[in-house]
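Participant: Once you've had a glance at the structure underneath, I'll fire off some questions.
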Amino acid sequence: MGSRGTVTDSGTDDAEIRPPEQSPERGATDDVDRGSHLTHVLGWVLDPRPPVTPGPCLIWWASWALAAMSALYIAWTVPSLLGVVFAVALPLLVHRLPVSGIVLVAVLAQEIKPNGRFGELTTLGYPAFISPGKAPIILPLAVTAVLAAAARWWPPVRPQLRSVGVALLGPAVGLVVLAVGSGLFHGQSVFSAVNQNARPFVLLVLGLLIGMSLRWLRADQRTSRVTVWTPLIGLLVAAAVAIPLGETADDRLSAYFIYYDSALPAIAAAVFIGVLGDNGWRWDWRYMVLAAATPLLILISFRRSVWVAALVALVVVLVLTWERWQRVIRQFGFAALVVAVVVLAAPGFAADLGLRSAGSFDLASGGPSASAKPSPSGQPNASAKSSASGQPSPTARPTVTGTSGASGVQGGMPTGTGKPTPTGKPTASGKPTASPIVTGAPRPAAGPGDIPRPTGAARTSGSPSRSANTSVAPSRPAQTLPTQESAKNQAESTSGHLSDLRLGWDYVRANVWTGVGPLAPQLPGLAATNSERVYVHNELLQDWLRYGPLAPVLVILFLVAAALAAMKAVRDPGSDVVVRSAAAFCLIAPLCLMTAPFLSETSRWPLVLGIAAGIVVPMFLGRSRREGQPSE
C-alpha cells in the first residue's frame, strides 16, 4: 500500500518471518504444520524479540508494562466475562498493531452516556471504554500504542522548527500546559488539573504521535483500512437490525436516528471522501459496499453539523482534485443511487431527513424565535410575554440565574444557593437574583452525550398545555403531533446553539484577558443548564472562557496547520485512501468544532483528530537504518 503517507517495502517484518517449513519428503505431518502455524500466530501477536539497542529496548519493555496495566485496569473496571476478554485481547492488539488497534477502539466506542432513553447501539462501548474509573480506558491504551510504536522508530531525528510536525505538536503541547497551569492557578490538584482539564489535549498529543508513526509500522499499513472499513459496515448492519426493534437514540426525532455521537458520522464522511477518486478504487464488492454504507451511516446519525462540514470538505477535495472528476462522478453517482433507493424505500425516512435538514431552521413556526433568548444581564426580553389569562405560555418558562445546572431550581422557583451573579459580584442579600430569564427553548442537555428534551412531552397537572395558547390558521392544516413535536424540538436545538454563540461572545468580551476559569459554574443563559462547568456550543468560546485568550489561538493554529497539511496531501497523486481519509477528517473537524466543544470536552474527538493530523504530516519522527524505510 504505497503512498506519500505510508512506506512499504518488499521485505517482511522481523516479527513476521515464517519458521522453516518441512517438505513432505522429510516426514512433515499435519500436527507439525498446525503447531508451526500456532507458533507463528503467537509469535506475531506477542512479538517476543525486543530491540537490540538500549533506548528502543527500554521503550519496548515500558510498552509491555503499560499493556499489562491496561489489562488490569480493564478487568477491574469491567468486572464481567466480557471485561476479561477485553482485558486480554485489547492490550495485545494495541501493542502489536498500535495504529490499527487504537483506531478500532475509537471507531466502535460511542461516547454517549446512557440516560434510559438511548438504544444499545447509541451507547455502544461507553461503559467499557469511556466512563469507568477516574480516567477512560482509552487513555492507557493510547499510551501503550505510543510506546509500542516509538520502540520501532526510536531514536527520533532532530525536528526542523519550521516543519509541519512542529506546527502541530507545538499548539497541542501548549494546550496541555495551559490547561494544567490554569487548573493549578485556580486551586486544583495536579491530578485534577491533568485529568479534568488537560486530558482531551493529552489524547490529542498521543493521537498525533500515533498517526505520525504509521509510516514506520508496515503491519499497520496493511491492516489500517480493514480496521476502519469493517467496523463502519458492521455498525450499519447492526443499525439495520436495531431500527425494527425500536433501539433508537430518540424516537421523538426519528425512528432511524441510531447514532448520536458526532465523531462516528464524521469518520464515515472522511472515509467516503477518501474513497472517492482514490487511485486504488476497484469495482468489487468491498469498495461498492463501503461507498454505499458510509453515506447511510452519516444519515442515520442525524448530525446536521457533520452534514454541512462533510459537504464543505467534499467541495474542497473536488476543487483540489478536479483532474479526477470523471472517476469521482462515477463513484459518487453509484453511491447516490444506492442511498436514494434505500431512503425512498424506508417508510418515513425521506420525510425525517427533510424535516431534520430544512424544517429545523424554521424558527418562526412551531418553535421559539431567536429574539426570545436570554441575555447575559439576566433580564427577560421584552418579546417574552405571558398569556392573556395570566398563565405563562409554554414558550415562556423562567429559569434561575447565577446557578450551576438545574440544581438551583426547585418547583420552578430559584433557590438561595449563594452563587454570584453574571457580573461576578454577589447581590446584597447574598442570594442570586430572582429575576427570571424567559427562554423560548427547553433546557438542552449538559454535553455532547445528551439531547434536548422536547417541550411537547406530557406535562404535570396544572401546567398549561400547548393547545391552550396556540391557534392554527384555518387555511393551514395542523401537523400531526409527532411531526409537530419533532420540528419544534429541532428548531429549539438550533435556537439554543445560536443563542450560545451570542451569549458566549458577550461573556468573552466581559472577561477578555482572564476568562472565568476552568472551575467556574455554568453561566446564566447558556443552553446547557445542566452542565457543572462552563459549557458553550463553540470550541473557541469555551476554551477562551475556561483558559483565557491564548487557548483559542492555539486551537486555531493547530486546526490551520492540520487543514493545510490535509489539502497538500489531497493534491498529492500518490496519497492512498488512508491518507486521503485522514485529510478529509482534518477538513471536517474545524466546522464541527464551531457547533460544540468536542476537542476539549470529549475523549474520542481529540484522539481521532490527532491520529488523522499525524497521518497527513510529512515524514517527521524517526529514521531506521535504511533511510526512509520502516524499522520493524
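Participant: Could you please state how large a percent of the accessible area of the stretch 516-608 is carbon and sulfur, counting protein chains only and using a 1.4 Å probe? Please report the intermediate quantities before stating the final value.
Facilitator: Details: 1700 of 2390 Å².
That fraction is 71 percent.
Participant: Something else: Explain nothing, just the number: relative contact order of the stretch 170-315, from Cα pairs under 8 Å at least 6 residues apart, as a whole percent.
Facilitator: 19 percent
Participant: Sticking with this one: Take every Cα pair under 8 Å in the stretch 511-586 that's 6+ residues apart, average their separations, divide by the length, and report that relative contact order as a whole percent.
Facilitator: Numbers: 85 pairs, mean separation 18.4, N = 76.
Answer for the stretch 511-586 is 24 percent.
Participant: Rounded to a whole number, what % of the accessible area of the stretch 90-181 do carbon and sulfur atoms account for, probe 1.4 Å? Present the calculation step by step, with values, prior to reporting the outcome.
Facilitator: Details: 2250 of 3400 Å².
C and S atoms contribute 66 percent here.
Participant: Just check the stretch 62-107 against the gyration tensor rule for me: Cα atoms, a ≥ b ≥ c as the square roots of the eigenvalues, rounded for a/c under 1.5, and otherwise prolate or oblate depending on whether a/b exceeds b/c.
Facilitator: Oblate is the answer for the stretch 62-107, as a/c is 1.5 or above yet b/c matches or exceeds a/b.
Participant: Quickly rank 573-579, 61-67, 74-80 as a protection proxy: mean count of other C-beta atoms within 10 Å, highest first.
Facilitator: Those peptides, ordered most packed to least, come out 573-579, 61-67, 74-80.
Participant: Roll a 1.4 Å probe over the protein heavy atoms and report the accessible area of S224 in Å², nearest 10.
Facilitator: Rounded to the nearest 10, the figure is 10 Å².
Participant: Can you check how the C-alpha radius of gyration of the stretch 486-557 compares to 2.2 N^0.38 Å, as a plain ratio? List each step's numbers first, then the result.
Facilitator: Working: Rg = 12.6 Å, N = 72, 2.2 N^0.38 = 11.2 Å.
Compared with the compact-globule rule of thumb, the stretch 486-557 sits at 1.13.
Participant: Related question: Where a ≥ b ≥ c are the square roots of the eigenvalues of the C-alpha gyration tensor, would you call the stretch 51-188 rounded, which needs a/c under 1.5, or, failing that, prolate if a/b is larger than b/c, or oblate?
Facilitator: oblate
Participant: Give the accessible area for R356 in Å² (nearest 10); use a 1.4 Å probe, count only protein heavy atoms, and leave out ligands, DNA and RNA.
Facilitator: Per-residue accessible area (R356): approximately 20 Å².
Participant: Please state the shape class of the stretch 233-362: rounded when a/c is under 1.5, otherwise prolate if a/b exceeds b/c and oblate if not, all from the C-alpha gyration tensor.
Facilitator: It is prolate, given that a/c is not under 1.5 and a/b is the larger ratio.
Participant: Still on this structure: Could you order W544, W605 by accessible surface area, starting with the largest, using a probe radius of 1.4 Å?
Facilitator: Order by accessible area, largest first: W544, W605.
Participant: Send over a whole-number figure in Å² for the accessible area per residue of the stretch 137-187, probe 1.4 Å.
Facilitator: 45 Å²
Participant: Take the alpha carbon atoms of the stretch 232-262, find their center, do the same for the stretch 520-556, and report the distance between the two centers in whole angstrom.
Facilitator: Taking the Cα centre of each part, the stretch 232-262 and the stretch 520-556 sit 31 Å apart.
Participant: Also, quick follow-up: In Å², what does the accessible area per residue of the stretch 190-290 work out to with a 1.4 Å probe?
Facilitator: Result: 32 Å² per residue.
Participant: Going from most exposed to least, what order do E601, E120, E539 have by accessible area with a 1.4 Å probe?
Facilitator: E120, E601, E539
Participant: Cα centroid distance between the stretch 70-138 and the stretch 152-189, in Å?
Facilitator: With the stretch 70-138 and the stretch 152-189 each reduced to a Cα centre, they are spaced 27 Å.
Participant: Right, something else. Ranked from the most accessible area to the least, with a 1.4 Å probe and all protein chains present, what is the order of R324, R199, R158? Don't jump to the answer; show the numbers that get you there.
Facilitator: Working: R324 20, R199 60, R158 220 Å².
From most exposed to least exposed: R158, R199, R324.
The values are calculated or read from the model by the stated rules, or taken from the named source; none is laboratory data. Quantities reported herein were computed from a predicted structural model and do not represent experimental measurements. Every residue, glycine among them, receives a Cβ derived from its backbone with ideal geometry; neighbour counts consider all protein chains shown. SASA here: full protein model, heavy atoms, side chains in, ligands and nucleic acids out. Shrake-Rupley method; radii C 1.70, N 1.55, O 1.52, S 1.80 Å.
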